[in-house]
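Single-structure report; data block below.
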Amino acid sequence: MILTHGANSLPRGGSDPDVIGGRKYRTVTIGTQTWLAENLDYKFDGLIIGQSPAANNTELRANYYNNDETTYGVNGLNIGLLYNWYAVKYLNDNRDTLMPGWHVPTRDEWNTLIEFAGGSDSAGKKLKSTTRWLNNGNGTDDYGFTAYPSGYYQDISFSNVVSDADYWTITPTTNPNYAYYKYILASNDRVNDSSYIKPFQYSLRLVKDS
């Protein structure tokens, strides 16, 4: 379905700087940056909620894991929506209206966070939540970032809801079909850097404008 303005989609995001789309989010300051301490769960006008078609689709799309908002939405495990990159870019391009004071982090902004947390080899341990990770691959959540495993949606299937946290950046690659994302696994303490095709759907954190 295509979302229209309602309880979850308010013009200009609300007057409170931590309110986005009518919902107040937890935030955390880490070093010089202020981040959402939760994954974004924002339904805005033009966003299509439901399974994506072919992998080359460029519509603005998002899913709850297994298309199950009751389990994975704000009243369940609260891991938020999984957005494709086209929806992410639309949010960022219209941030002054949709989420004033916030933006989608660049790859470099993620790298600043990772370096503050000890570098890519160990930052995952400090950013991961203390529960929910597969085989006790939990973190210490030193800063309150609380990266829960949230899985992803690729092609026509959902995967790895207990073992992966994957976050889009706004930074595209030189290949117009790809963009960068960061991911954390249950199996180690790293924060990994990679890129993938834009129709695939990952979680999203926002960073506050400086």
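The values are calculated or read from the model by the stated rules, or taken from the named source; none is laboratory data. Note that the coordinates shown come from a computational prediction; the quantities given were computed from them, not determined experimentally. We place every Cβ from the backbone using ideal geometry, glycine too, and count neighbours over all the protein chains shown.
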task: Answer yes if at least one residue in the stretch 104-117 is under 13 Å from VAL191 (Cβ atoms), crowded, with 16+ Cβ neighbours inside 10 Å and among the polar types (S, T, N, Q), and no otherwise.
output: yes
message: If GLY22 satisfies all but one of (1) touching a residue at least 24 places away in the same chain (Cβ under 8 Å); (2) at positive phi, what's the number of the condition it fails?
response: (1)
message: Testing LYS43 on (1) modelled with pLDDT of 95 or more; (2) among the charged types (D, E, K, R); (3) assigned to a helix (DSSP H, G or I), one condition comes back false. Which one is that?
response: (3)
message: Being assigned to a helix (DSSP H, G or I), touching a residue at least 40 places away in the same chain (Cβ under 8 Å) and over 18 Å from the mean Cα position of the chain (by Cα) is the filter here; which residues of the stretch 98-124 pass it?
response: PHE116
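Quick check, is TYR86 surrounded by fewer than 24 Cβ atoms within 10 Å (Cβ to Cβ), without any contact (Cβ under 8 Å) to a residue 60 or more places away in the chain and of a type outside the set (Val, Ile, Thr)? Let's see the steps before the verdict.
On the way: surrounded by fewer than 24 Cβ atoms within 10 Å (Cβ to Cβ): yes; without any contact (Cβ under 8 Å) to a residue 60 or more places away in the chain: no; of a type outside the set (Val, Ile, Thr): yes.
When the stated conditions are applied, TYR86 does not pass them.
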Residue satisfying all of: in the stretch 71-93; of a type in the set (S, T, N, Q) and out of contact with any Phe, Trp or Tyr (no Cβ under 7 Å at 6 or more places or on another chain); nearest to PRO199 (Cα to Cα) among these: ASN92
message: Exactly one condition in (1) at pLDDT below 95; (2) polar (S, T, N, Q); (3) at positive phi is false for GLN154; which is it?
response: (3)
query: Would you say LYS126 is touching a Phe, Trp or Tyr at 6+ places or on another chain (Cβ under 7 Å), more than 19 Å from LYS208 (Cβ to Cβ) and of a type in the set (Lys, Arg)?
result: yes
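Which of the strands (runs of 3 or more DSSP E) contained wholly in the stretch 128-210 include at least 3 residues that are buried (at least 20 other Cβ atoms within 10 Å of the Cβ)?
By residue number, 164-172, 178-185.
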task: Tell me which residues, restricted to the stretch 65-83, are farther than 16 Å from GLY22 by Cα and crowded, with 22+ Cβ neighbours inside 10 Å.
output: TYR65, TYR72, ILE79, LEU82, TYR83
